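A.B. asks: Provided herewith is a single structure, encoded as structure tokens, for subsequent inquiry.
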Amino acid sequence: MNRDPDCIFCKIVAGEVPSFKLFEDDATLAFMDINPANEGHALVIPKEHATDLYAVSDAVLARTAATAKKVAGALARTLAPDGLNLVQCNGPAAAQSVMHFHVHVLPRVKDDRLAMNWGLKLGDIDAIGRLAERIRVWI
Ligand code: 5GP
Ligand code: ZN
């Protein structure tokens, strides 16, 4: 499997960097974002390293979308958000900060005024871990 030794998400896939995992299969991994833009903010990635939408294969993209749908359903059951966005960023102007293809699964609260290019702010790690346990029940 293609891997970039300097990539933080490849390290998460390999278990070299800890994460609050929600789901994994042979091709994809879902885990909590440590800088949540909103409560329940999760990431879905292919296990194989591909930098962005242009680089990821159609087959892996489809698998990633299927996992994102699964995670969205679990988040909906856990948090009953007012809405939910899938967001995917390519390149610095689109606010891509990690160069390993990923999809943000982002619960929304009515009138939360979340901007497209939200800033990174470390969340409450214990609270994220507890929430991950509640979401996993629905996957
Ligand atoms: P991007 O800005 O590239 O679309 O999104 C990258 C996301 O990865 C950000 O939301 C950021 O909070 C998240 N992220 C970066 N490093 C880590 C990490 O080590 N662990 C986790 N769980 N998320 C990370
Ligand atoms: Zn990677």
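The values are calculated or read from the model by the stated rules, or taken from the named source; none is laboratory data. Not measured: the values here are computed from a predicted model. So basically every Cβ, Gly included, is an ideal-geometry build from the backbone, and we count neighbours across all protein chains shown. Side chains included, ligands, DNA and RNA excluded: accessible areas come from the protein's heavy atoms. Shrake-Rupley method; radii C 1.70, N 1.55, O 1.52, S 1.80 Å.
A.B. asks: Mind counting lysine pairs for me in region 8-136? Cα separation below 18 Å, and the two need to be 8 or more apart along the chain or on different chains.
C.D. replies: So the count works out to 7.
A.B. asks: Distance between the C-alpha centers of region 107-139 and region 22-94? Whole Å please.
C.D. replies: Taking the Cα centre of each part, region 107-139 and region 22-94 sit 13 Å apart.
A.B. asks: Accessible area, 1.4 Å probe, largest first: how do Lys70, Lys47, Lys110 sort?
C.D. replies: Descending order: Lys110, Lys70, Lys47.
A.B. asks: Could you list which residues have their amide H under 5 Å from that of Leu84, counting only those 5 or more apart in sequence or on another chain, with H placed in the peptide plane?
C.D. replies: Arg108
A.B. asks: Can you compute the charge dipole magnitude of region 1-104 about its Cα centre, using +1 on each Lys and Arg Cβ and -1 on each Asp and Glu Cβ, nothing else charged? Give it in debye, rounded to the nearest 20.
C.D. replies: Around 220 debye, computed over region 1-104.
A.B. asks: Percent of accessible area on region 7-114 owned by carbon and sulfur, 1.4 Å probe?
C.D. replies: Using a 1.4 Å probe with all protein chains present, region 7-114 comes out at 55 percent carbon and sulfur.
A.B. asks: Right, next: I'm a student and want to see the number: the projected area of the Cα convex hull of the chain, averaged over all directions, in nm².
C.D. replies: 7.9 nm²
A.B. asks: In whole Hz, with x marking every Gly and Pro, tabulate ³J(HN,Hα) for region 24-34 from phi via Karplus 6.51 cos²θ - 1.76 cosθ + 1.60, θ = phi - 60°.
C.D. replies: 8, 9, 5, 10, 9, 9, 10, 8, 6, 6, 7
A.B. asks: Let me ask another. Once phi is turned into ³J(HN,Hα) by the Karplus curve 6.51 cos²θ - 1.76 cosθ + 1.60 with θ = phi - 60°, what whole-Hz value does each residue of region 38-52 show in order, with x for glycine and proline?
C.D. replies: 8, 4, x, 4, 10, 10, 10, 9, x, 5, 7, 6, 9, 5, 7
A.B. asks: What Cys residues in the chain have no fellow cysteine's beta-carbon under 4.7 angstrom?
C.D. replies: Flagged as lacking a Cys partner: Cys89.
A.B. asks: Helix 58-79 versus the longest principal axis of the chain: what angle, 0 to 90°, nearest 10, using Cα atoms?
C.D. replies: Long axis of 58-79 versus the principal axis of the chain: about 20 degrees.
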